[in-house]
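Accompanying notes for the structure given below.
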Amino acid sequence: MAMPSSQQVLEALGGIKDPDLGRDVVSLGMIKELEVSPEGKVSFTFELTTPACPVRDRFKSQAEDAVGGIAGVTGVEVRMTANVRPAFLRPKPSEILPGVKQTIAVASGKALSRSGAAVGLLDADIYGPSVPVMTGSRRVPQQVNGRLLPIDAHGMKLMSFGQINPSDEPTIYRGPMVGKAIEAMMVQVDWGILDYLVIDLPPGTGDASLTLAQVVPLTGVAIVCTPQDVATDIAVKALQMFRKLNVTPLGLIENMSWYVCPECGHRHEIFSHGGAEAAAKRLGVPFLGAIPLEEGIREDADSGTPVVISRPESAGAKAFVAIASQVAARTSIQSFRQLPVINVH
């Protein structure tokens, strides 16, 4: 029996399409280091767009089946890796954030790092910084060579105004000072090499959001809201503001979506349910998922340990992980929109 060729292998793999990008994995450049031995054994690297890829296992089984069905193939070895690509071919976070590939703003009121990605978290809420408490990182950052070193906690790099100014005194800043403080936390912090820098924004459409959109080329923004109409109306305004600033909406997330009584097991929809999903359909953006109202999430946030670490099997933790995968998938789409098609035929 004739030995299979590399071209046959690539043609077989070309039948696998990325569900988000709408193109086959070969033209997207995901198949690398392809080797075919004289005995018919095929090995290659399948490079995903993110470590948090929600269809990782499906891709691997599809690749094994596609190549294994070629005449003359006696074995298939698929090495699954990931490479987060920069979102911008134009001047990107290079000057401000030289080692950061993707910048994701979260407009709202740990899961990415679990997948193996290098993640940073910037708390851009100057008036009410909550990250130091929620991550147990209430420490003053060190300064080396004139730059601040982010705090390491739970496998992430963290920076918050609450760490720079850890006192209980209120922050009384006018608008321009808020912008300067946020810009300083990006420029004067040595973030190093990151796959994702997640920027937690305060609610609304104020100076913090405007500063970020103007200073940093954001990959996109995820909007978080609770289900009731008054909350979704505010979220819609925030999303439309980012659109006017040419920032891509990655989608909407519904927080406090439901509550399950630990005594009777009955599900209660305290703040209504489905408001964010309905708003997403109306606006033509993805609905990224819903997070339940759980006592454990609050307890772990108060104690400084993310729920995805302390209670990984809880419904809340699984919801966070699923949403992180969806956000990573949407940022991958932004990266690949600028890439040329690789033709193997």
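The values are calculated or read from the model by the stated rules, or taken from the named source; none is laboratory data. Given the structure is predicted, the values throughout are model-derived calculations rather than measurements. Reconstructed Cβ throughout: ideal geometry from the backbone, glycine too, with neighbour counts over all protein chains shown. The protein model used for the area step is the full one, side chains on, heavy atoms only, and it has no ligands, DNA or RNA in it. Shrake-Rupley method; radii C 1.70, N 1.55, O 1.52, S 1.80 Å.
Within the range 52-62, restricting attention to residues that are modelled with pLDDT under 95 and open to solvent by less than 30 Å² (accessible area, probe 1.4 Å), the residue that is nearest to residue 18 (Cα to Cα) is 55. Close Cβ contacts (under 6 Å, 6 or more residues apart or on different chains) running from residues in the range 45-65 that are of a type in the set (Phe, Trp, Tyr) and part of a loop (DSSP other than H, G, I, E, B) to residues that are at pLDDT below 90 and open to solvent by less than 70 Å² (accessible area, probe 1.4 Å) are absent.
The residues in the range 198-208 that are out of contact with any Pro (no Cβ under 8 Å at 6 or more places or on another chain) and open to solvent by less than 10 Å² (accessible area, probe 1.4 Å) can be counted, and the count is 2. Just one of the numbered conditions (1) buried (at least 21 other Cβ atoms within 10 Å of the Cβ); (2) in contact with a Lys or Arg (Cβ under 8 Å, 6 or more places away or on another chain); (3) at pLDDT below 80 is not true of residue 84: (3). Against the condition farther than 26 Å from residue 115 by Cα, of a type in the set (A, V, I, L, M, F, W, C) and not in a loop (DSSP other than H, G, I, E, B), how does residue 222 come out, does it pass? No, not satisfied.
Restricting the range 158-188 to residues that are open to solvent by 80 Å² or more (accessible area, probe 1.4 Å) and among the hydrophobic types (A, V, I, L, M, F, W, C), the residue that is nearest to residue 113 (Cα to Cα) is 177. Filtering the range 277-305 to residues that are assigned to a helix (DSSP H, G or I), open to solvent by less than 50 Å² (accessible area, probe 1.4 Å) and within 21 Å of residue 153 (Cβ to Cβ) leaves 296, 297, 300, 301. Remark: pairs (first residue in the range 150-163, within 20 Å of residue 97 (Cα to Cα); second residue part of a strand (DSSP E or B) and open to solvent by 20 Å² or more (accessible area, probe 1.4 Å); Cβ separation under 8 Å; 6+ apart in sequence or on different chains) = 150/157; 151/157; 156/121; 157/121; 158/121; 158/152; 159/121; 159/148.
Just checking, does the range 11-23 include any residue being closer than 27 Å to residue 325 by Cα, of a type outside the set (Gly, Ala, Ser) and part of a helix (DSSP H, G or I)? Yes, because at least one residue in the range 11-23 is closer than 27 Å to residue 325 by Cα, of a type outside the set (Gly, Ala, Ser) and part of a helix (DSSP H, G or I). Is it true that residue 104 is open to solvent by less than 30 Å² (accessible area, probe 1.4 Å), modelled with pLDDT of 80 or more and part of a loop (DSSP other than H, G, I, E, B)? It is false that residue 104 is open to solvent by less than 30 Å² (accessible area, probe 1.4 Å), modelled with pLDDT of 80 or more and part of a loop (DSSP other than H, G, I, E, B). Can residue 126 be described as open to solvent by 60 Å² or more (accessible area, probe 1.4 Å), among the hydrophobic types (A, V, I, L, M, F, W, C) and not in a helix (DSSP H, G or I)? Considered against the rule, which asks whether it is open to solvent by 60 Å² or more (accessible area, probe 1.4 Å), among the hydrophobic types (A, V, I, L, M, F, W, C) and not in a helix (DSSP H, G or I), residue 126 comes out as no. Restricted to the range 306-334, and to residues there that are among the hydroxyl-bearing types (Ser, Thr, Tyr) and open to solvent by less than 40 Å² (accessible area, probe 1.4 Å), the residue that is farthest from residue 257 (Cα to Cα) is 332. For the range 230-276, give me each residue that is surrounded by 19 or more Cβ atoms within 10 Å (Cβ to Cβ), out of contact with any Gly (no Cβ under 6 Å at 6 or more places or on another chain) and part of a helix (DSSP H, G or I). The answer is 231, 235, 238, 239, 242, 275, 276. Residues in the range 25-40 that are over 17 Å from residue 56 (Cβ atoms) and outside any loop (DSSP other than H, G, I, E, B): 33, 34, 35, 36.
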